[in-house]
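K.L.:
First the structure, which I've put down as structure tokens, then a few questions once you've had a look.
Coordinate-derived values only; no laboratory data. Remember, it's a predicted structure, so these values are computed and weren't measured experimentally. Here Cβ is always computed from backbone atoms with ideal geometry, including for glycine, and neighbour counts include all displayed protein chains.
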Amino acid sequence: MSEARPLLVTESQARQIGDLIRGAGVTAGGELQPAAAAAGASLVVQLKTAIPAGSTTQVDAEIYDLVGSTWTGTKQIVKVRSATGLAVSTTGRRIARCVSRFGWCVVET
């Protein structure tokens, strides 16, 4: 049996996944429900698009998970923005933090 891992999805996406599973006739499995990220929560991400200086626009970033001793992309996408207003490049991974109503934020290191 595979290890259970939470998915970062919206309420609408959780509903769609549940519909797909029920449509396939699968009866076993855990409960699907949306989970809001708590302020201060963190993720390891890699930006798909660089954030220019002065921008508050959100960009896509792939969530990474530590598998053994290797960071592995999960193919899950989360929207992030610069926490400082400085440019953030796509080079390397960043720690994204959930900041109140501002959402997931990253900084250039």
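K.L.:
Simple spin-label model, 7 Å along Cα-to-Cβ: Q13 to K75 in nm?
P.N.:
Between Q13 and K75, the simple spin-label model gives 1.4 nm.
K.L.:
Let me ask something additional. For L47, L20, what ranking results if the residue with the fewest other Cβ atoms within 10 Å of its Cβ goes first?
P.N.:
The most exposed by this proxy come first: L20, L47.
K.L.:
To continue, here is another question. Based on C-alpha coordinates, I'd like the Rg and Dmax of the stretch 37-106, in Å.
P.N.:
In order Rg, Dmax, the Cα atoms of the stretch 37-106 give 11.6, 37 Å.
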